[in-house]
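The values are calculated or read from the model by the stated rules, or taken from the named source; none is laboratory data. All of these numbers come straight from a predicted model, not from anything done at the bench. Here Cβ is always computed from backbone atoms with ideal geometry, including for glycine, and neighbour counts include all displayed protein chains.
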Amino acid sequence: MDVAADNSPSAQAREAREAPLDAYSRVVITVARTMTPHVAALSVTSRGRDGRSRQGAGSAVVFTTDGFLLTNAHVVAGADRGEAAFADGTMSEVDVVGSDPLSDLAVLRARGQAPPPATLGEADTLQVGQLVVAVGNPLGLAGSVTAGVVSGLGRSLPTSSGRAGRIIEDVIQTDAALNPGNSGGALTDARSRVVGINTAVAGIGLGLAVPINATTRHIIGELLAEGRVRRAYLGLATTPAPLPEPLAARTGQRLGLRVAQVVPGSPAERAGLHAGDLILSAGRAPLTRAQSLQRQLFGDAVGRPLPITVHRNGAMVDVIAVPSELTGAAA
């Protein structure tokens with residue numbers, strides 16, 4: 001018996017409602033299929049201060065044709081080699097080429113065969129509300145994929161270990177769920193371009209990723225060339241914030257950096273900066289995002305006086321900070 005197609009208004013309305021979901025699913029499926037081959041399950045063995053061996057695990061992303069991979073510095077902390085397992089069953093020993101705790105990025109190199117590289121994108125083009133997909137390979141489970149949106153940009157991530165503190169600047173906040181084994185995996189846009197490296201779970205339903213942008217490309221280049229990044233250190237956690245209207249009209253600047261935290265004993269604290277200060281400029285250059293400050297804090301800034309102007313309690317305040325070199329104690 002032939003069954004007539006349901007062309008009623010209610011059926012057409014139902015199809016219209018379902019169409020966006022189908023489009024969303026197609027994007028996520030395409031990203032998953034494209035990215036999963038480029039993401040490895042990473043296992044490393046490190047030795048702690050007590051001399052005991054510790055097992056670590058995470059994910060890593062192939063980003064060059066000659067087998068270099070990106071992951072998190074905290075995933076490979078204390079290790080100089082490990083093993084990568086790819087979704088097609090390929091296994092390869094990997095060496096830690098270099099690590100930068102401030103950005104939580106590390107570069108590895110596969111000793112054996114590795115899949116072709118993923119395409120690196122540009123996080124500076126992201127917008128709040130944009131679709132992103134987190135791809136990892138925890139425990140070699142042939143790919144873990146979660147989707148969500150960018151829920152915040154330009155955030156800072158303060159972390160600590162004992163008395164030492166470090167600040168990861170300009171991170172991407174997303175509601176794409178991140179599992180612990182996804183650390184070091186890829187955060188991609190809808191066109192399968194890597195716009196971030198997943199780094200941490202920020203709370204229920206929130207994850208953070210290190211952005212791929214001009215600053216992190218500089219860091220990656222330093223790790224490839226030197227195995228480390230000589231960094232100047234201030235010890236600030238900041239977030240972009242609007243200037244009060246009278247101040248914005250006076251300066252012609254719409255945004256500054258609100259100081260969320262000052263690390264005790266840091267150059268920022270010695271300079272007299274406080275939580276709540278609104279930083280307008282550093283080195284005579286306006287600051288509108290965390291990356292603007294980061295760009296001034298590579299090796300040549302160590303030991304050089306850095307003039308900083310802040311807005312505090314309705315007044316403009318000038319301070320001079322002298323960045324120190326980022327070391328293991330400050331990282």
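Observations
- Residue 285 fulfils the conditions (1) more than 12 Å from residue 240 (Cβ to Cβ); (2) modelled with pLDDT under 95; (3) touching a Gly at 6+ places or on another chain (Cβ under 7 Å) except for a single criterion, (3).
- Sole exception among (1) outside any loop (DSSP other than H, G, I, E, B); (2) modelled with pLDDT under 95; (3) in contact with a Leu (Cβ under 6 Å, 6 or more places away or on another chain) for residue 102, by number: (1)
- The range 53-66, residues that are more than 21 Å from the chain's Cα centre (by Cα) and modelled with pLDDT of 90 or more: 65, 66
- Checking each residue in the range 117-142 for being more than 21 Å from residue 213 (Cα to Cα) and assigned to a loop (DSSP other than H, G, I, E, B) picks out 137, 141, 142.
- Close pairs from the range 62-83: first farther than 18 Å from residue 101 by Cα and in contact (Cβ under 8 Å) with a residue 40 or more places away in the chain, partner surrounded by fewer than 24 Cβ atoms within 10 Å (Cβ to Cβ) and basic (Lys, Arg), Cβ under 7 Å, at least 6 apart: 67/109; 68/109
- Criterion applied to 237, 209 was being buried (at least 22 other Cβ atoms within 10 Å of the Cβ), in a strand (DSSP E or B) and more than 14 Å from the chain's Cα centre (by Cα), and the one residue passing it is 237.
- Qualifying residue in the range 227-249 (condition: within 30 Å of residue 66 (Cα to Cα) and modelled with pLDDT of 90 or more): yes
- Evaluation of residue 274 against (1) surrounded by fewer than 16 Cβ atoms within 10 Å (Cβ to Cβ); (2) within 21 Å of the chain's Cα centre (by Cα) (one fails), failing number: (2)
- Every listed requirement among (1) under 25 Å from the mean Cα position of the chain (by Cα); (2) in a strand (DSSP E or B) is met by residue 308 save one, (1).
- Residue in the range 2-23 that is at pLDDT below 85 and either assigned by TED's automatic domain parsing to the domain that holds residue 187 or of a type in the set (Val, Ile, Thr) (or both) present: yes
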